[in-house]
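What follows is a set of notes on a single structure, which appears directly below.
The values are calculated or read from the model by the stated rules, or taken from the named source; none is laboratory data. From a predicted model like this one, the values you see are computed outputs, not experimental measurements. Here the Cβ positions follow ideal geometry from the backbone for every residue, glycine too, while neighbour counts run over all protein chains shown.
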Amino acid sequence: MSGFCGAKEVVVRNAELTEDELKLFDLRLFQPRQGYRYSLDALLLARFCLVLKPGGNIVDLGAGCGVIGLVLARVNPDASVVAVEKNPVMAGIVERNIIHNDFAGRVSVQAEDILHLRKTYSDSSFDLVVSNPPFRTAGSGRVSPRAGRDAARHETTAGLADFLAAAKYLVKPSGRICLIQLPSRLAELMALAAGLKLSVLRLRTIHNNAEAPASMFMVELAKGRRSAPVVEKPLFVRDMQGEYTDEVWR
């Protein structure tokens, strides 16, 4: 993330973390120096989510360092946010980022596997469920040499079906579910959503530039209602000169 939207890496003394400045959202975030680090897809997903009505509540499934939840807390100044992260080390980093950015009153961390959230929350508890889940199934894709990255990139205890089932359980009938995934899993997601009776409200593809095929897609879902999906215009990350587009900078 260094160099994007004012992000500035500062090595934290005597620690295996870096502190990165995200100027656009007035955030300073600690991340593992060698493990999983957030990237552009987390920010694009956070901005894909529509602003909530005052007093809404949000849950982020698989929070990593907490970047999505903290961005959404900044964008929705009256909302409360729960960041769910099963990795105890990452959950501790989320807690540190919450305190470091003065969000202790509105953002909390739940160190829990999404498979066990029914023990903690009643159904229909949240106005927005957001997730940047692992993109790849176990054993697929490239293995990262950095500790912690594979657990974030590849499904371990929970797969895409589990994330969608948890999201359906947690979201209110009037609420929204927002996820980001690889195009190779679009058909799978659509089939799973149909099986869970989740309606697709919006779909937007992300492309590296205007001539590149989609590299990711973002989707907004809802339960308990029928709606014709809106396929939004593509989001181009870079122009043909390799620079970030105006939309991405905004």
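Would you check if residue 158 is crowded, with 20+ Cβ neighbours inside 10 Å, at pLDDT below 95 and in contact with a helix residue (DSSP H, G or I) (Cβ under 9 Å, 6 or more places away or on another chain)? So residue 158 fails the test.
Could you list, in sequence order, all residues of the range 227-250 that are assigned to a loop (DSSP other than H, G, I, E, B) and under 28 Å from residue 173 (Cβ atoms)? Hits for the range 227-250 are 227, 228, 229, 232. When you scan the range 85-95, do you find a residue that is at pLDDT 95 or above and acidic (Asp, Glu), even just one? Yes; the residues of the range 85-95 include at least one that is at pLDDT 95 or above and acidic (Asp, Glu). Give the range 214-230 a look and list any residue that's touching a residue at least 24 places away in the same chain (Cβ under 8 Å) and either small (Gly, Ala, Ser) or farther than 20 Å from residue 43 by Cα (or both), or say none. If the condition is that a residue be touching a residue at least 24 places away in the same chain (Cβ under 8 Å) and either small (Gly, Ala, Ser) or farther than 20 Å from residue 43 by Cα (or both), then 214, 215, 222, 223, 224, 225, 226, 227, 229, 230 are the ones that fit.
Filtering the range 65-102 to residues that are among the small types (Gly, Ala, Ser), assigned to a loop (DSSP other than H, G, I, E, B) and within 14 Å of residue 49 (Cα to Cα) leaves only 79. Tell me, please, whether a residue that is within 30 Å of residue 122 (Cβ to Cβ) and of a type in the set (Lys, Arg) can be found in the range 32-41. The answer is no, given that none of the residues of the range 32-41 is within 30 Å of residue 122 (Cβ to Cβ) and of a type in the set (Lys, Arg).
The residues on offer are 126, 135, and the sole one that is under 22 Å from residue 67 (Cβ atoms), at pLDDT 95 or above and out of contact with any Phe, Trp or Tyr (no Cβ under 9 Å at 6 or more places or on another chain) is 126. When residue 78 is tested against the conditions (1) under 22 Å from residue 92 (Cα atoms); (2) surrounded by fewer than 22 Cβ atoms within 10 Å (Cβ to Cβ); (3) modelled with pLDDT of 90 or more, the lone failure is (1). I need a count of the residues in the range 192-226 that are in a loop (DSSP other than H, G, I, E, B) and either loosely packed, with under 11 Cβ neighbours inside 10 Å or aliphatic (A, V, I, L, M) (or both). Of the residues in the range 192-226, 6 are in a loop (DSSP other than H, G, I, E, B) and either loosely packed, with under 11 Cβ neighbours inside 10 Å or aliphatic (A, V, I, L, M) (or both). Over 27 Å from residue 24 (Cβ atoms) and touching a residue at least 60 places away in the same chain (Cβ under 8 Å): is that true of residue 179 in this structure? Here the answer is no, as residue 179 does not meet what is asked. In the set (1) closer than 23 Å to residue 51 by Cα; (2) assigned to a loop (DSSP other than H, G, I, E, B); (3) modelled with pLDDT of 95 or more, the condition left unmet by residue 105 is number (3). When 201, 182, 189, 164 are checked against the criterion of being aliphatic (A, V, I, L, M) and in contact with a helix residue (DSSP H, G or I) (Cβ under 6 Å, 6 or more places away or on another chain), a single residue qualifies: 164.
Applying the criterion of being more than 13 Å from residue 98 (Cβ to Cβ) and in contact with a Leu (Cβ under 9 Å, 6 or more places away or on another chain) to the residues of the range 52-67, the residue that is surrounded by the most Cβ atoms within 10 Å (Cβ to Cβ) is 61. Does residue 238 qualify as being surrounded by 13 or more Cβ atoms within 10 Å (Cβ to Cβ) and among the basic types (Lys, Arg)? The answer is yes for residue 238. Of all residue pairs spaced 6 or more apart or on separate chains, those with beta-carbon atoms under 7 Å, a first member in the range 111-133 that is aliphatic (A, V, I, L, M) and a second member that is in a loop (DSSP other than H, G, I, E, B) and surrounded by fewer than 16 Cβ atoms within 10 Å (Cβ to Cβ) are 115/157.
In this structure, does residue 179 turn out to be part of a strand (DSSP E or B), at pLDDT 95 or above and on the phi < 0 side of the Ramachandran plot? Yes: the conditions hold for residue 179.
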